[in-house]
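Have a look at the structure below before the remarks.
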Amino acid sequence: MPKPEQDDISFIRHIHKQRGFEDAGYHFYVRTDGEVQAGRDIKFAGAHCKGKNKYSIGVVMAGNSAFTANQFFALYRLLEFLIQKYEINPDKITRHCDHHNTLCPGFQLSKAFLNDMKKKYT
């Protein structure tokens, strides 16, 4: 679990601005309690996955590998919202590690999770 002061989009925003970003690289941040916080304005390209930022929406969950049930529930609801609002094909939902050699995210976005999205929205 992240330290309490790290469980907020302001922590990511601060780190990313120190690295020269204009804002947080992610569009959405999911806190450990399941609250979804806005990061970078959705009308601007993110800075979360090199080579994929222009046409993607960046979502990050607080923590490295120990996530809460509230976070997964919030992630599911956020993805539902984004799929409907932006008419996203659920087949296009990917993880950072699908594009780069990284362990991010520290969990497997399961096939069952994605299949449920596909069943609902395709």
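The values are calculated or read from the model by the stated rules, or taken from the named source; none is laboratory data. Being a predicted model, the structure only gives us computed values, none of them experimental. Quick reminder, even Gly has a Cβ in these numbers, built from the backbone with ideal geometry, and neighbours come from all protein chains shown.
Things worth noting here:
- Cross-chain or 6+ apart pairs with Cβ under 7 Å, region 63-83 first and under 13 Å from residue 28 (Cβ atoms), then part of a helix (DSSP H, G or I): 79/117
- Selection status of residue 47, under 27 Å from residue 1 (Cα atoms) and at pLDDT below 75: no
Listed here are the residues, each with its yes/no results for (1) among the hydroxyl-bearing types (Ser, Thr, Tyr); (2) within 19 Å of residue 66 (Cα to Cα); (3) out of contact with any Pro (no Cβ under 7 Å at 6 or more places or on another chain); (4) modelled with pLDDT under 75.
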{"site": "79", "(1), (2), (3), (4)": "no, no, yes, no"}
{"site": "83", "(1), (2), (3), (4)": "no, no, no, no"}
{"site": "93", "(1), (2), (3), (4)": "no, no, yes, no"}
{"site": "104", "(1), (2), (3), (4)": "no, yes, yes, yes"}
{"site": "108", "(1), (2), (3), (4)": "no, yes, yes, yes"}
{"site": "119", "(1), (2), (3), (4)": "no, no, yes, yes"}
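- Residue ranges of strands (runs of 3 or more DSSP E) in region 1-94 with at least 2 members farther than 23 Å from residue 116 by Cβ: 36-38
Okay, residues lined up against (1) buried (at least 17 other Cβ atoms within 10 Å of the Cβ); (2) in contact (Cβ under 8 Å) with a residue 40 or more places away in the chain; (3) basic (Lys, Arg); (4) under 23 Å from residue 70 (Cα atoms):
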| site | (1), (2), (3), (4) |
| --- | --- |
| 3 | no, no, yes, yes |
| 6 | no, yes, no, yes |
| 19 | no, no, yes, no |
| 26 | yes, no, no, yes |
| 30 | yes, yes, no, yes |
| 36 | yes, yes, no, yes |
| 43 | no, no, yes, no |
| 49 | yes, yes, no, no |
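- Counted residues, region 54-87 - those being closer than 19 Å to residue 33 by Cβ and β-branched (Val, Ile, Thr): 3
- Failed condition for residue 100, given (1) more than 21 Å from residue 1 (Cβ to Cβ); (2) at pLDDT below 90; (3) touching a His at 6+ places or on another chain (Cβ under 7 Å); (4) not polar (S, T, N, Q): (3)
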